[in-house]
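To start, the structure under review is shown below, and the notes come after it.
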Amino acid sequence: PAFRSVRGRVLTFLAPPQGAGDEASYRYFVDGLVVVRDGRIAAVGEAAPLLATLPPGTPVDHYPDALILPGFIDPHIHFPQTQVIASYGTQLLEWLEKYTFVEEQRFADPAHAAEQAVFFFDELARNGTTTALAFCSVHPVSVDAYFAEAERRGMGMLGGKVMMDRNAPPALTDTAQRGYDETKALIVRWHGRGRQRVAITPRFAITSTAGQLAAAGALRREHPDLLVQTHLSENCAEIETVRRLFPEADGYLDVYDRFGLTGERSLFGHCIHLTEAERRRMAETGSVAVFCPTSNLFIGSGLFDMRKAVSETPAMRVAVATDVGGGTSFSMLRTLAEGYKVQQLLGYNWSALEAFYLATAGNAAALGLAGEIGTLEPGAFADLVVLDARATPVMANRMARIDGDLEAELFVLMTLGDDRAVRATYAAGRLVHARS
Ligand code: GUN
Ligand code: FE
């Protein structure tokens, strides 16, 4: 299929918005065009002058009323947990044992992993997510299934094999050496193959021995361009357990810090209960805290304080993600809605501009991919989402009152929108989802 240029109302962020009304933070074209060449964005701007420059016969998909944004980016999600979503009645440690560790064992089977990969990428595309950073299971075959399906669809994905060598069922554990060797082999197979990127993925401090965290640190030193992803300070019982397992460390973050696992290419899921000193250390090392609102609410973990994160000096880097299947939706719109409500409970009015910035350019920066994805500026991959703020009767009825107000429209999209608001999704200039 040919690359498509896309016309409609085009919005792309230039800088982090400083709150509602920050018009300098974005570019918006009411009749805009994203010109796509060889899967990348060749130009963006007003449609009329750009159309005149296109060779005759260039395919253009026109969405007159829709809003065209960079595709959403989900920087913390679990590939093997799609069938765990909506598991009843537990908090983190019991949830892992009772549901998650049971489910993830099924990903030893390559046929199951391949079948679930098709479902997983269908859901991402249906929800307008064009790049994700995922935890796969402990089995390298789960990572192979994940990247093979991403490659088939032309989507640029990041992910890694979970490393776990204790406190999990025997069928789900590796060893320090095996976790290291299998991650090395995956790097050779997948890292930098097309758009795919491998991440070093120790699950969390409870399921790795000191020996395994040291092995993860060795991988980081040997591959400084790779991301590290793990979990941090999500749940109070978890934090207590980490304290017991690593009595020599000065708190949970220090466990990772000691093994060289903090830094600008490290993403830590949750970070809800960090101490002030830990937030400062996160900021000093350039580490990223990933806010996972639907998961934090659903598993009952707590409220992540965005205002503290961004207003402290130095500011902590943040991202926002679904954390499916602790999270309850693949939709970044649903995720932003719950994020807004969490900040409301903490007395902070998280603006739609800040929220959509984070879901696109902000998450791209968190992944070290600013300029490559999360933006519509020339040179970036043509990963796009086409959004319809009139997708449901309630949305359409609300929009009738605020027509022409971009920020109000974005707020309607994030508060009321879900997969129905996604008209189309493009990955590297090719249509990967169109709403029927
Ligand atoms: N901490 C360690 N593993 C997990 C996981 O799979 N989900 C969540 N939410 N937290 C975790
Ligand atoms: Fe998670």
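The values are calculated or read from the model by the stated rules, or taken from the named source; none is laboratory data. Since the model is a prediction, treat every value here as computed from it, not as a measurement. Using ideal geometry, Cβ is built from the backbone for each residue, glycine included, and neighbour counts are taken over all protein chains shown.
Mind listing just one residue for me: the one in region 366-406 that is surrounded by fewer than 17 Cβ atoms within 10 Å (Cβ to Cβ) and hydrophobic (A, V, I, L, M, F, W, C) and, of those, farthest from Val35 (Cα to Cα)?
Val394
May I ask you to list the residues in region 297-320 that are over 17 Å from Phe135 (Cα atoms) and within 16 Å of ligand 2 (Cβ to nearest atom)? Don't jump to the end; show me each part of the working.
Step one: list which residues in region 297-320 are over 17 Å from Phe135 (Cα atoms), which gives 297-318.
Correct list: Leu297, Phe298, Ile299, Gly300, Ser301, Gly302, Phe304, Val318.
Would you confirm whether any residue within region 331-351 is in contact (Cβ under 8 Å) with a residue 60 or more places away in the chain, within 23 Å of Leu213 (Cβ to Cβ), buried (at least 24 other Cβ atoms within 10 Å of the Cβ) and touching a helix residue (DSSP H, G or I) at 6+ places or on another chain (Cβ under 6 Å)?
No, every residue in region 331-351 fails to be in contact (Cβ under 8 Å) with a residue 60 or more places away in the chain, within 23 Å of Leu213 (Cβ to Cβ), buried (at least 24 other Cβ atoms within 10 Å of the Cβ) and touching a helix residue (DSSP H, G or I) at 6+ places or on another chain (Cβ under 6 Å).
Suppose the filter is surrounded by 23 or more Cβ atoms within 10 Å (Cβ to Cβ), modelled with pLDDT of 95 or more, of a type in the set (A, V, I, L, M, F, W, C) and away from ligand 1 (no atom under 16 Å from the Cβ); does Leu232 pass it?
When the stated conditions are applied, Leu232 does not pass them.
Take the residues of region 71-103 that are among the polar types (S, T, N, Q) and near ligand 1 (Cβ under 9 Å from one of its atoms): which is farthest from Tyr426 (Cα to Cα)? If you could, list the steps in order and put the result at the bottom.
So in region 71-103, the residues among the polar types (S, T, N, Q) come out as 81-83, 87, 90-91, 100.
Subset that is near ligand 1 (Cβ under 9 Å from one of its atoms): 81, 100.
Numbers: Gln81: 25, Thr100: 31 Å.
If we take residues in region 71-103 being among the polar types (S, T, N, Q) and near ligand 1 (Cβ under 9 Å from one of its atoms), then Thr100 is farthest from Tyr426 (Cα to Cα).
For region 60-77, enumerate the residues that are at pLDDT 95 or above and farther than 11 Å from Arg7 by Cβ.
Leu67, Leu69, Pro70, Gly71, Phe72, Ile73, Asp74, Pro75, His76, Ile77
Determine if region 107-130 includes at least one residue that is in contact with a Lys or Arg (Cβ under 9 Å, 6 or more places away or on another chain), under 18 Å from Ile206 (Cβ atoms) and part of a loop (DSSP other than H, G, I, E, B).
no
One residue is enough: does region 150-158 have a residue meeting the conditions buried (at least 24 other Cβ atoms within 10 Å of the Cβ), within 15 Å of ligand 2 (Cβ to nearest atom) and not assigned by TED's automatic domain parsing to the domain that holds Phe381?
Within region 150-158, one or more residues are buried (at least 24 other Cβ atoms within 10 Å of the Cβ), within 15 Å of ligand 2 (Cβ to nearest atom) and not assigned by TED's automatic domain parsing to the domain that holds Phe381.
What do you reckon, is Arg166 more than 16 Å from ligand 2 (Cβ to nearest atom), surrounded by fewer than 22 Cβ atoms within 10 Å (Cβ to Cβ) and in contact (Cβ under 8 Å) with a residue 60 or more places away in the chain?
The answer is no for Arg166.
When you go through Ala125, Ala117 one by one, which is the residue that is touching a His at 6+ places or on another chain (Cβ under 9 Å), within 27 Å of Asn363 (Cα to Cα), more than 15 Å from ligand 1 (Cβ to nearest atom) and of a type in the set (Gly, Ala, Ser)?
Details: Ala117 fails: touching a His at 6+ places or on another chain (Cβ under 9 Å).
One residue alone meets the criteria, Ala125.
Identify all residues within region 169-203 that are in contact with a Leu (Cβ under 8 Å, 6 or more places away or on another chain), of a type outside the set (Lys, Arg) and over 28 Å from Asp383 (Cβ atoms); write none if there are none. Can you show your working first?
Filtering region 169-203 for residues in contact with a Leu (Cβ under 8 Å, 6 or more places away or on another chain) gives 180, 183-184, 187, 191, 196-200, 202.
Narrowing the set further to residues that are of a type outside the set (Lys, Arg) leaves 180, 183, 187, 191, 196, 198-200, 202.
Across region 169-203, the qualifying residues are Tyr180, Pro202.
For a quick check of your reading of the model, give me the residue pairs whose first member lies in region 363-388 and is closer than 17 Å to Pro17 by Cα and polar (S, T, N, Q), whose second is at pLDDT 95 or above and in a loop (DSSP other than H, G, I, E, B), with beta-carbon atoms closer than 8 Å and at least 6 apart or on different chains.
Asn363/Ala321; Asn363/Gly374
Give me the residue from region 283-308 that is aliphatic (A, V, I, L, M) and out of contact with any helix residue (DSSP H, G or I) (no Cβ under 7 Å at 6 or more places or on another chain) and, out of that set, nearest to His273 (Cα to Cα). Step through it out loud before you land on a result.
Of region 283-308, the ones aliphatic (A, V, I, L, M) are 283, 288-290, 297, 299, 303, 306.
With out of contact with any helix residue (DSSP H, G or I) (no Cβ under 7 Å at 6 or more places or on another chain) added as a condition, the list becomes 283, 290.
Working: Ala283: 15, Val290: 13 Å.
Filtering region 283-308 for residues that are aliphatic (A, V, I, L, M) and out of contact with any helix residue (DSSP H, G or I) (no Cβ under 7 Å at 6 or more places or on another chain), the one nearest to His273 (Cα to Cα) comes out as Val290.
For region 287-364, which fully contained helices (runs of 4 or more DSSP H) count at least 3 residues that are of a type outside the set (Ser, Thr, Tyr) and away from ligand 1 (no atom under 16 Å from the Cβ)?
Details: elements: 293-298, 306-311, 332-345, 352-357.
Qualifying helices (runs of 4 or more DSSP H): 306-311, 332-345, 352-357.
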